[in-house]
1. Identify, from the list Ala245, Ala220, Ala274, the residue that is surrounded by 15 or more Cβ atoms within 10 Å (Cβ to Cβ), over 21 Å from Glu159 (Cα atoms) and among the hydrophobic types (A, V, I, L, M, F, W, C).
2. Go through (1) in contact (Cβ under 8 Å) with a residue 40 or more places away in the chain; (2) surrounded by fewer than 19 Cβ atoms within 10 Å (Cβ to Cβ); (3) under 19 Å from the mean Cα position of the chain (by Cα) and name the single condition Asp136 misses.
3. Quick check on the range 26-39. Is at least one of its residues farther than 25 Å from Asn152 by Cβ and buried (at least 22 other Cβ atoms within 10 Å of the Cβ)?
4. Looking only at the range 90-125, which residues are in a strand (DSSP E or B) and either acidic (Asp, Glu) or in contact with a Pro (Cβ under 7 Å, 6 or more places away or on another chain) (or both)?
5. Can you tell me how many residues within the range 296-322 are out of contact with any Asp or Glu (no Cβ under 9 Å at 6 or more places or on another chain) and assigned to a helix (DSSP H, G or I)?
6. Looking only at the range 76-89, filter to residues that are outside any loop (DSSP other than H, G, I, E, B) and either touching a helix residue (DSSP H, G or I) at 6+ places or on another chain (Cβ under 6 Å) or acidic (Asp, Glu) (or both); which one of those is farthest from Ala51 (Cα to Cα)?
7. I'd like to verify a number: residues in the range 213-231 that are assigned to a loop (DSSP other than H, G, I, E, B), more than 15 Å from Met196 (Cβ to Cβ) and not β-branched (Val, Ile, Thr), how many?
8. So which of Val215, Val157, Val233 ends up being in contact with a strand residue (DSSP E or B) (Cβ under 9 Å, 6 or more places away or on another chain) and surrounded by fewer than 24 Cβ atoms within 10 Å (Cβ to Cβ)?
Amino acid sequence: MRAIAKQTAAAGVELIEAPVPQPTSHQVLIKVKATSICGTDVHIYNWDAWAQSRVKPPMIFGHEFSGEVVEIGKQVEDIKVGDHVAIETHIPCQHCFQCHTGQMHICKNLQIVGVDRPGCFAEYIAVPEICCVKQDKTLPWEMASILEPLGNAVYTVSEGQVSGKTVAIFGDGPIGIFAVALCKVYGASKIIVCGMQPYRLDLARSFAPDHVLNVSEVKAQDAIFDVTSGNGVDVVLEMSGSPVAIKDGFAVLKRGGTFVAFGIPSKPVELNFANDLIFKAATVKSINGRKMFSTWHEMQNLILSKRLDVSCVVTHQMPLEKINDAMALLNSKEIQVGKIVLKP
C-alpha cells in the first residue's frame with residue numbers, strides 16, 4: 001500500500017510502499033477513505049522538539065480519519081465488514097485504574113495512533129475494535145474524518161457548561177472554530193473569539209459569534225472588558241496553548257468563573273496562583289482527548305439531528321501524495337486554510 005512516513009529523524013516525509021497491516025484477533029482492518037491533518041502532524045512533519053522527544057522513525061503517521069472496515073479479527077464482536085467508522089485515536093490498555101473507573105481517555109498506558117504506533121496516512125490501517133465508532137453511511141467521508149478533533153471541541157464546550165453564559169474562546173485553529181459553532185448550539189449568551197489569523201477568524205464568523213477580536217491588532221483584555229461592560233466572562237475556553245492567551249484568559253475570567261484548558265503550551269507557563277485561582281474562586285477544567293465514549297454519542301446526536309454543521313471548516317481536499325503542498329499551506333505565516341482533508 002501507499003503510505004506517508006517519517007523515515008528519518010529530520011524534517012519532511014516520504015511517500016513509501018508498505019505492507020498492508022494484518023489485524024490481530026481484536027483488531028479490524030480499515031480502508032482509509034479520508035484523513036485530516038492535525039497540528040500534531042505538523043509538529044511531526046517539521047520535526048520540532050516535541051516530535052523529536054516522542055516519535056520514533058521510521059513510522060507512518062497521521063491519526064484523524066474515517067474508513068470502511070474490510071477485515072475483522074477472530075475475536076471482534078460488534079464491528080462488521082462494510083461498516084463505516086471513525087476512530088477514537090486514544091488506545092486504552094483496558095487494565096489500569098483509569099480504564100477500570102470510566103476514564104479510558106486518560107489511560108495510564110495510553111497509546112496514540114500515528115504518534116506511538118503506525119498511523120492513518122496510508123491506504124489501510126489496523127486498529128483495535130474498541131476504538132471504532134460506527135457512523136451513519138450517509139455521513140460524507142471527509143466529515144467523518146474530522147470527528148476526532150470535533151470531539152475535542154465538544155468535550156471542551158460541554159465541560160464549560162456555557163448555556164446562558166458569556167464565553168471567550170482563545171484560539172482560531174479548527175478546534176477553536178468548532179467551539180464557536182458549539183457555543184451557539186449550546187446556547188451561550190455572548191461569544192467572543194480571539195485569534196491572529198484573518199482567514200480563520202473569517203471562518204469563525206460563519207457561526208455568528210458576537211465579537212471577533214484579532215489580538216495582533218487589539219489588546220484582548222481591554223477589548224473583552226469593553227464588550228462585557230467591564231465584567232469579564234463567565235467561561236474561558238483556551239484552545240491555543242499560547243502563554244499570552246492563558247494569561248489574558250485568567251485576567252478576563254469573572255470571579256467564580258470556569259476556565260477550560262485544551263491548548264497545550266510548548267513550555268511551562270507561570271500563573272499568579274493566588275490572584276488567578278484562589279481569590280477568584282475559579283474552576284479550572286483540563287481536557288485530554290474525548291470522553292470514551294460519551295463525547296462521541298453527544299457529537300453524533302448533534303450531527304444527526306442537524307443542529308451542528310461544521311462542513312465549512314473543511315476548506316481543502318487533496319490526494320494523499322500532495323501532503324507536502326498541504327503542509328506548506330499550514331506552515332505559512334498567514335494561514336489561508338481551515339481543515340485540510342487528504343484522500344488516499
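None of the figures in this text is laboratory data; all of them are computed from the coordinates on show. Given the structure is predicted, the values throughout are model-derived calculations rather than measurements. With ideal geometry, Cβ positions are generated from the backbone for all residues, glycine too; neighbour counts draw on all protein chains shown.
1. Ala220
2. The failed condition is (3).
3. No, the range 26-39 has no match at all.
4. Filtering the range 90-125 for residues in a strand (DSSP E or B) gives 90-91, 111-113, 117, 122, 124-125.
Answer for the range 90-125, where residues must be in a strand (DSSP E or B) and either acidic (Asp, Glu) or in contact with a Pro (Cβ under 7 Å, 6 or more places away or on another chain) (or both): Ile91, Ala122, Tyr124, Ile125.
5. The total comes to 9.
6. The residue in question is Ala86.
7. Residues meeting the conditions: 3.
8. After ruling out the rest, the residue left standing is Val215.
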